[in-house]
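Only one structure is covered here, and it is reproduced in the block below.
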Amino acid sequence: MALIIPEFPAPRPWFFIPPERPEAKLKFEPGEIINAVPYEGEMLLDFTSSMGKVSEVFYGLVFQLPKWGFFTAKIEESIFVSPVFREYYEMTLRQKEALEARIKEGLASVSRAISDFELVLHDLRKYQEYMDYFLKIENGKKLIKEGKKEEGEKLVREGEQTLKAIFIDQVDVHTGEGIALKLIAPRWPTIIADFMKLTDEDKDPKKIAEKLKVSEAQGVVLATKNKLYIEWREMFKENVKERYKRILGLVEARRASIDEYKEMLKPTLARYKMITDALSSAPGRAGILKSAFIRTGAQAISLDRVVVWAWRPFQVAEKYKITREYFDEIPASKAGFTQQEIKELKKIMPNWNGIVHGLPQEPSIDRIVRAFIPIVEIEYGVKITAYDLYKARELLLDQFRKSLPAFGGKEAWVFSPYFTFICIPMDRTVIRLPDGSQLEDLWIENLYAATRTQNVILVNCLELIARDKQLEEYMNVMLGEYVKKEGKAFPVEEILKETYGRVYGMEEKSEKEAGKELKKISELGRSIRKAIGKFFSIFGLEVQFLRAVGPYEFAMHHRLAKYHQRETGGSFAMVVNYLKKSFGVPG
């Protein structure tokens, strides 16, 4: 469900925000924000027609709005089909059941691929250890050739001792009782230690006995074991090299298969999530339960809902005269980004120079936008990052950029921070009557238009970003790449950083508050202006511009009513007239 933006500066008498909603706690000051709906800018519309007419008008409207210069977006969508409406029911909701089966099968394939990957990865780690021992020996031999004898001999000795230990534990122990070194150690207690001291040149029993000061019989055993070890080592080395090469290729194949299975599953997850059953939410269930015309067990009926947003800027007389068709480049800090956020953005975009294009009103990321961030996070169950704020600005900037040439039949946008916002919530009902005939009904409750400032439109853009992010995070959680925590999804790496960051060698999360100084300065300026305004009001002098703490219009009964709402009312009437004309309604 979309946020309920409080109306300001003068809410309509019947406008109400439920007190349990977080938006009800927001407080605004004059000039900070405009979200004003004209009294005549709200209407309930209901059209009944033959089959196909509603779809025809719907698509006609959403294609016509961009031609009038509006940006359009879908913010909400759901469907309900009565089981009595068998054909439509099987064609829609049965698809969701089929997608569920495909998702289960796909997740099982991912799980099996991960299990196979873990098995071959275990083998790879084991053979990688062996390869490291041989690498240590080769590095030691190289150092000896370069004249670093002491350092080289140390590496060779370490590698050889490890391999000899493997030989004793895993190979020689199986040669039989009375022959294996471990089994004859009680007779010659130092024989294993003596074996470790041997080099590849030690093959003569007499020389070994003299070198280690042991009996000739022990020298014979050591010479025999050393020859066997050298033969085993060369054979083992070739075997390890071949197996490591094969297993490394197999590991990469398994890793690629996991990624491929996940990518193959994402479209199915997206299709499943996009079929939103109205009964899956509490408001949807309550609405269908209370609807007098919906008789789920007796009447063949379907209901689909979509909420469309549309907005475009308009020029206000004398306030913002549009004399340019290009965008200023400004530092991100002037756009309202904190230093901490700029650092985060540079990590995501390494080639970014810290410069952004300016919107009509800067700083665009102001107190109002930031006040809505936690509410957006609660409503959509996502975490809003600095990059999300950047994308919200870019979404609005792109709309200005694309309208600059004014080609292709689209009306050009004026460079203004004032917008006409239109919300079109449409409920399409299809009813099959007992005689077999069908009819469609389009219920729009309520179509409304509002004058909104740039910061409110940025909040709307942020909602669209959050909705996209919600779908992506849902897929990532299903695929095990994200973890749900306190109603929000976080990457696995971020959870590890918070819990076992030192163990994983990750940089611990900073707890510094971003933008603290910026907030202090902003609050100081607001408090000074308000104090001066209140001082003059004591003497009956309403110096409103001193009481206003924001850059936007604040005189509701003067400029807003006379100039702004006239633009909004005209756009509202244009949409209403289009709908009435399409359905053949007079007037």
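Which pairs have Cβ atoms under 8 Å, sit 6 or more apart or on different chains, and link a residue in the stretch 197-211 that is over 23 Å from Ile137 (Cα atoms) to one that is among the polar types (S, T, N, Q) and modelled with pLDDT of 85 or more?
Partner pairs satisfying both residue conditions: Ala209/Ser215; Ala209/Gln218.
Here is a check on your reading of the model: is Ala193 among the aliphatic types (A, V, I, L, M), surrounded by fewer than 13 Cβ atoms within 10 Å (Cβ to Cβ) and more than 59 Å from the chain's Cα centre (by Cα)?
Answer is yes for this residue.
Among all residue pairs at least 6 apart or on different chains, which show Cβ distances below 6 Å where the first residue, located in the stretch 310-321, is in a strand (DSSP E or B) and the second is of a type in the set (Val, Ile, Thr) and at pLDDT below 90?
Correct list of pairs: Pro313/Val414.
Report, by residue number, each residue of the stretch 1-41 that is of a type in the set (Lys, Arg), under 33 Å from the mean Cα position of the chain (by Cα) and over 20 Å from Val459 (Cα atoms). It would help to see each step written out before you state the result.
Here is the first cut: in the stretch 1-41, the ones of a type in the set (Lys, Arg) are 12, 21, 25, 27.
Next cut, under 33 Å from the mean Cα position of the chain (by Cα) only: 21, 25, 27.
Once the filter is applied, which keeps residues that are of a type in the set (Lys, Arg), under 33 Å from the mean Cα position of the chain (by Cα) and over 20 Å from Val459 (Cα atoms), the stretch 1-41 yields nothing.
Find all pairs meeting these conditions: Cβ atoms under 9 angstrom apart; at least six residues apart or on different chains; first residue within the stretch 1-25 and farther than 23 Å from Glu553 by Cα; second residue small (Gly, Ala, Ser) and modelled with pLDDT under 90.
Once the first residue is farther than 23 Å from Glu553 by Cα and sits in the stretch 1-25, its partners that are small (Gly, Ala, Ser) and modelled with pLDDT under 90 give Met1/Ser281.
Of the residues that make up the stretch 249-256, is at least one within 30 Å of Gly106 (Cβ to Cβ), part of a helix (DSSP H, G or I), outside the structural domain of Asp468 (by TED's automatic domain parsing) and within 25 Å of the chain's Cα centre (by Cα)?
The answer is yes, given that some residue of the stretch 249-256 is within 30 Å of Gly106 (Cβ to Cβ), part of a helix (DSSP H, G or I), outside the structural domain of Asp468 (by TED's automatic domain parsing) and within 25 Å of the chain's Cα centre (by Cα).
Hey, among the residues in the stretch 1-57 that are farther than 21 Å from Ala449 by Cβ and among the small types (Gly, Ala, Ser), which one's surrounded by the most Cβ atoms within 10 Å (Cβ to Cβ)?
Per the stated criteria, the residue is Gly31.
Please tell me if Leu518 is touching a helix residue (DSSP H, G or I) at 6+ places or on another chain (Cβ under 6 Å), surrounded by 12 or more Cβ atoms within 10 Å (Cβ to Cβ), more than 30 Å from Tyr59 (Cα to Cα) and at pLDDT below 75.
no
Residue by residue through the stretch 203-231, note down the ones that are of a type in the set (A, V, I, L, M, F, W, C) and surrounded by fewer than 17 Cβ atoms within 10 Å (Cβ to Cβ).
Across the stretch 203-231, the qualifying residues are Ala217, Val220, Leu228, Ile230.
Suppose we filter the stretch 288-303 for residues that are within 36 Å of the chain's Cα centre (by Cα), of a type outside the set (Ser, Thr, Tyr) and surrounded by 18 or more Cβ atoms within 10 Å (Cβ to Cβ); how many remain?
1
So, Lys149, is that one among the basic types (Lys, Arg), surrounded by 15 or more Cβ atoms within 10 Å (Cβ to Cβ), within 17 Å of Thr199 (Cα to Cα) and in the same structural domain as Lys237 (by TED's automatic domain parsing) or not? Write out each step before concluding.
Details: among the basic types (Lys, Arg): yes; surrounded by 15 or more Cβ atoms within 10 Å (Cβ to Cβ): no; within 17 Å of Thr199 (Cα to Cα): yes; in the same structural domain as Lys237 (by TED's automatic domain parsing): yes.
No, not satisfied.
Can you tell me how many residues in the stretch 58-76 are closer than 17 Å to Leu447 by Cα, surrounded by 14 or more Cβ atoms within 10 Å (Cβ to Cβ) and touching a strand residue (DSSP E or B) at 6+ places or on another chain (Cβ under 9 Å)?
Taking the stretch 58-76 and keeping what is closer than 17 Å to Leu447 by Cα, we get 58-62, 64-65, 70-76.
Cutting the leftovers down to surrounded by 14 or more Cβ atoms within 10 Å (Cβ to Cβ) gives us 58, 61-62, 64-65, 70-73, 75-76.
The next check asks that each one be touching a strand residue (DSSP E or B) at 6+ places or on another chain (Cβ under 9 Å); those that pass are 58, 61-62, 65, 70-73, 75-76.
Final tally of qualifying residues: 10.
Residues in the stretch 44-52: is at least one in contact with a Lys or Arg (Cβ under 6 Å, 6 or more places away or on another chain) and under 21 Å from Met574 (Cβ atoms)?
Quick first cut of the stretch 44-52, residues in contact with a Lys or Arg (Cβ under 6 Å, 6 or more places away or on another chain) only: none.
Scanning the stretch 44-52 turns up no residue that is in contact with a Lys or Arg (Cβ under 6 Å, 6 or more places away or on another chain) and under 21 Å from Met574 (Cβ atoms).
Taking the condition in a helix (DSSP H, G or I) and either hydrophobic (A, V, I, L, M, F, W, C) or modelled with pLDDT under 95 (or both), does Ile422 pass?
Judged against the criteria, Ile422 is not a match.
Any idea which residue in the stretch 539-560 is modelled with the lowest pLDDT, counting only those that are out of contact with any Gly (no Cβ under 9 Å at 6 or more places or on another chain) and crowded, with 16+ Cβ neighbours inside 10 Å?
Met556
Taking the condition of being in contact with a Lys or Arg (Cβ under 7 Å, 6 or more places away or on another chain), on the phi < 0 side of the Ramachandran plot and at pLDDT below 85, how many residues in the stretch 400-419 meet it?
The qualifying residues number 2.
Among the residues of the stretch 411-419, are any among the hydroxyl-bearing types (Ser, Thr, Tyr), over 28 Å from Lys485 (Cβ atoms) and in a strand (DSSP E or B)?
Yes, some residue in the stretch 411-419 is among the hydroxyl-bearing types (Ser, Thr, Tyr), over 28 Å from Lys485 (Cβ atoms) and in a strand (DSSP E or B).
From the residues in the stretch 359-372 that are in contact with a Ser or Thr (Cβ under 8 Å, 6 or more places away or on another chain) and in a loop (DSSP other than H, G, I, E, B), which one is farthest from Gly550 (Cα to Cα)?
Residue satisfying both the conditions and the ranking: Pro360.
Residues Ser55, Ser49: which one is in a helix (DSSP H, G or I) and of a type in the set (Gly, Ala, Ser)?
Only one candidate passes the filter, namely Ser55.
Give the residues of the stretch 74-117 that are hydroxyl-bearing (Ser, Thr, Tyr), farther than 30 Å from Leu250 by Cα and modelled with pLDDT of 85 or more, sorted by residue number. Reasoning before the result, please.
Residues of the stretch 74-117 hydroxyl-bearing (Ser, Thr, Tyr): 78, 82, 88-89, 92, 109, 111, 115.
Next, from what is left, pick out any that are farther than 30 Å from Leu250 by Cα: 78, 82, 88-89, 92.
Once the filter is applied, which keeps residues that are hydroxyl-bearing (Ser, Thr, Tyr), farther than 30 Å from Leu250 by Cα and modelled with pLDDT of 85 or more, the stretch 74-117 yields only Ser78.
Out of Lys488, Lys484, which single residue is basic (Lys, Arg), more than 30 Å from Arg295 (Cβ to Cβ) and in contact with a strand residue (DSSP E or B) (Cβ under 9 Å, 6 or more places away or on another chain)?
The conditions single out Lys484.
For the stretch 38-67, which residues satisfy the criterion of being closer than 30 Å to Val549 by Cα and out of contact with any helix residue (DSSP H, G or I) (no Cβ under 8 Å at 6 or more places or on another chain)?
Passing the criteria: Tyr39, Glu42.
The values are calculated or read from the model by the stated rules, or taken from the named source; none is laboratory data. Every value quoted in this text rests on a predicted model; they were computed, and no experiment measured them. We place every Cβ from the backbone using ideal geometry, glycine too, and count neighbours over all the protein chains shown.
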